[in-house]
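These notes are about the structure you will find just below.
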Amino acid sequence: MSGEYDILKLDNQLCFPLYAVSKEIVRHYKPFLDEMDLTYTQYIAMMVMWEQKELSVKQLGEFLYLDSGTLTPLLKTMEKKGWVTRKRSEKDERVLTVTITEAGEKLREKAITVPNKIAECINITAEEAMQLYTILHKILVNI
């Protein structure tokens, strides 16, 4: 039986499989990240830090699509663990700069195996992964 309310069926929602897959992938990351004392959000922040080395909290938020209210407690915890330092910019005291530490750089060596372990869990081809990435990135940029 179809009707005007079919649009409200869970099976007809693009958002639901995106939500469910995201949640399940993050769940698969957990045991690998637990070994490094990282949460998933800390892990993605560290990926940016490994690449950028130093940037403002605002820039980090732009990379991760996170606001400062989410980043502040995250960065405080990461600083306590010794992976990053935070300091006010000398040029503009309103700007808080985050810098990766030597301990944060060393964490990268432990994390190097995580992407391949996750790829084994997902079980899609490299071509399918690239297609999915392209589509998801297009949605993310346009939303």
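So what's the angle, to the nearest 10 degrees on a 0 to 90 scale, between helix 102-111 and the longest Cα principal axis of the chain?
Compared with the principal axis, the helix lies near 30 degrees.
Quick one: grab Rg to one decimal and Dmax as a whole number for segment 3-143, Cα atoms only, in Å.
17.9, 62
Using a cut-off of 18 Å between alpha-carbon atoms, which aspartates and glutamates can reach residue 23, once sequence neighbours fewer than 8 places away in the same chain are excluded?
11, 34, 120
For a quick check of your reading of the filter: which GluC sites (Glu not before Pro) in segment 65-127 sit in a DSSP loop and have no more than 16 other Cβ atoms within 10 Å?
Passing both the DSSP loop test and the Cβ count: 90, 93.
Could you tell me which GluC sites (Glu not before Pro) in segment 1-72 are loop residues by DSSP with no more than 13 other beta carbons within 10 angstrom of their beta carbon?
Those that pass, being in a loop and sparsely packed, are 4, 35.
By how many nm would the segment from residue 30 to residue 123 grow when fully extended, if each residue of separation counts as 0.36 nm and the alpha-carbon distance is taken off?
Result for the pair: 31.7 nm of gain on full extension.
Starting from segment 1-96, pick out the trypsin sites (Lys or Arg not before Pro) whose DSSP state is loop and whose Cβ has at most 10 other Cβ atoms within 10 Å.
Passing sites in segment 1-96 are 9, 91, 94.
Where does helix 15-34 land angle-wise versus the long Cα axis of the chain, in degrees 0 to 90, nearest 10?
Long axis of 15-34 versus the principal axis of the chain: about 40 degrees.
Mind checking the angle between helix 126-142 and the chain's longest principal axis? C-alpha axes, 0 to 90 degrees, to the nearest 10.
The helix 126-142 is inclined about 80 degrees to the chain.
Return the whole-Å distance between the Cα centroid of segment 43-72 and the Cα centroid of segment 73-91.
First find each Cα centre; the distance between them is then 11 Å.
Within the chain, what's the longest stretch lacking chymotrypsin sites (Phe, Trp or Tyr not before Pro) that sit in DSSP loops with no more than 11 other Cβ atoms inside 10 Å?
Values: sites that count: 5, 65.
No qualifying site falls inside 66-143, the longest such stretch.
Among the lysines, select those whose C-alpha is under 16 Å from the C-alpha of residue 91, and discard any that sit fewer than 8 residues away in the same chain.
Answer for residue 91, where 16 Å is the Cα cut-off: 58, listed by chain and number.
Every number in this text was worked out from the coordinates using simple rules, so none of it is lab data. Every value quoted in this text rests on a predicted model; they were computed, and no experiment measured them. Neighbour counts are summed over all protein chains in view; Cβ atoms, including those assigned to glycine, are modelled from backbone coordinates with ideal geometry.
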